[in-house]
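The values are calculated or read from the model by the stated rules, or taken from the named source; none is laboratory data. This is a predicted model, so every value here is computed, not measured. Because the Cβ atoms are built from the backbone with ideal geometry, glycine has one as well, and the counts that use them run over all protein chains shown.
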Amino acid sequence: MDFLVRTLQNYFRITEQNRIFALTGIVRSISLLFTSLVLVHYYSAIGYSLALLISPLIVIVLFARKISFGRKYLECASFEFDKTELHKYGILIGLGSVVSQLQLPIAGILLGQISSDAANLAIYKVASIIPISLLFLPNIFFKSEFVHLTKNHENKNLIKEYIINYWKLALSISLALCLFTFLFADYFIPFIFGDKYAEASPVFKVLIVGVCGGFLLRQLFGNLTFAAGRADINTVLSIISLLFSLVLITAFINLYGVLGAAIGTAVMFWLSGTLNAVCYYYFIYKKLL
């Protein structure tokens with residue numbers, strides 16, 4: 001299902017139907033969030049698996065009919081390009097994406113290996129469902145603007161303005177998200193997942209703080225690096241971040257248990273985001289005219 005959704009989104013991106021492209025991301029993120037909340041409440045882990053299946057299906061049903069094979073939308077297939085460079089870029093993006101995605105479940109995997117208490121793993125999985133779902137939100141903005149950013153990746157003033165405007169929006173969302181979480185998490189976590197998962201509340205709070213690091217730094221500068229055609233930088237940074245995650249999260253789990261898994265994950269979101277920002281500045285932004 002995920003492959004079909006990405007194929008659909010690539011079609012809208014290539015044909016520069018940015019509004020529809022953005023809508024596919026919005027619908028998928030919102031449907032994943034709400035189906036996760038409902039189905040996890042009734043079916044626990046199986047419910048989340050069902051949500052992962054249902055959310056892309058909703059996108060396909062709603063947007064597949066908007067595909068057109070008319071001449072207007074097929075003209076883009078006639079341009080010339082360097083196949084070697086295209087394949088290299090595609091391989092690097094694919095490798096970077098796979099490694100980057102491994103960082104999301106790594107804490108749960110390590111917790112399951114280190115901790116002998118199955119309840120800790122259940123608590124972490126419950127606490128991470130919503131934060132992981134929220135990580136899709138910034139991609140809505142980047143994917144809808146990706147073609148525009150790619151065309152103008154050497155325009156220093158435009159990139160600077162884009163970063164400032166994005167930060168204004170992302171900071172507002174992050175502050176509102178943290179405020180809501182720290183005020184109401186103790187109430188809605190037991191309400192949604194049941195009283196037996198009340199202990200997931202502090203883990204959830206820490207992960208939300210980590211997600212804000214993803215919003216403000218990691219996804220912003222990671223996507224700008226992709227837009228500049230430097231997929232190699234993102235791939236190297238993803239591998240480095242994954243290796244650091246293994247060490248850092250393992251250390252925190254040994255110190256603080258299930259809460260340590262959340263702390264390690266949150267710290268890595270901020271550290272990897274800072275590393276993305278530094279590399280983008282020195283290798284790309286600083287060289288712009």
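Worth a mention:
- Any hit, region 227-247, residues being touching a His at 6+ places or on another chain (Cβ under 8 Å) and of a type in the set (A, V, I, L, M, F, W, C): yes
- Residue match in region 202-212 (condition: under 19 Å from the mean Cα position of the chain (by Cα) and farther than 21 Å from LEU121 by Cα): yes
- Some residue of region 150-166 being in contact with a helix residue (DSSP H, G or I) (Cβ under 8 Å, 6 or more places away or on another chain), under 18 Å from ASN276 (Cα atoms), among the polar types (S, T, N, Q) and modelled with pLDDT under 90: yes
- Some residue of region 145-157 being in contact (Cβ under 8 Å) with a residue 60 or more places away in the chain and within 27 Å of ASP186 (Cα to Cα): no
- Residue selected from region 101-115 under the condition farther than 16 Å from PRO131 by Cβ and among the small types (Gly, Ala, Ser), by the criterion modelled with the lowest pLDDT: SER115
- When TYR124 is tested against (1) among the aromatic types (Phe, Trp, Tyr); (2) farther than 30 Å from TYR197 by Cα; (3) touching a Gly at 6+ places or on another chain (Cβ under 9 Å), exactly one condition is not met: (2).
- Residue within region 200-214 that is in the same structural domain as ALA119 (by TED's automatic domain parsing) and part of a loop (DSSP other than H, G, I, E, B) present: no
- The residue that is surrounded by the fewest Cβ atoms within 10 Å (Cβ to Cβ), counting only those in region 100-129 that are part of a helix (DSSP H, G or I) and within 12 Å of the chain's Cα centre (by Cα), is GLN101.
- Taken over region 231-280, residues that are of a type in the set (Phe, Trp, Tyr) and free of Cβ contacts under 8 Å to residues at least 24 places away in the same chain amount to 2.
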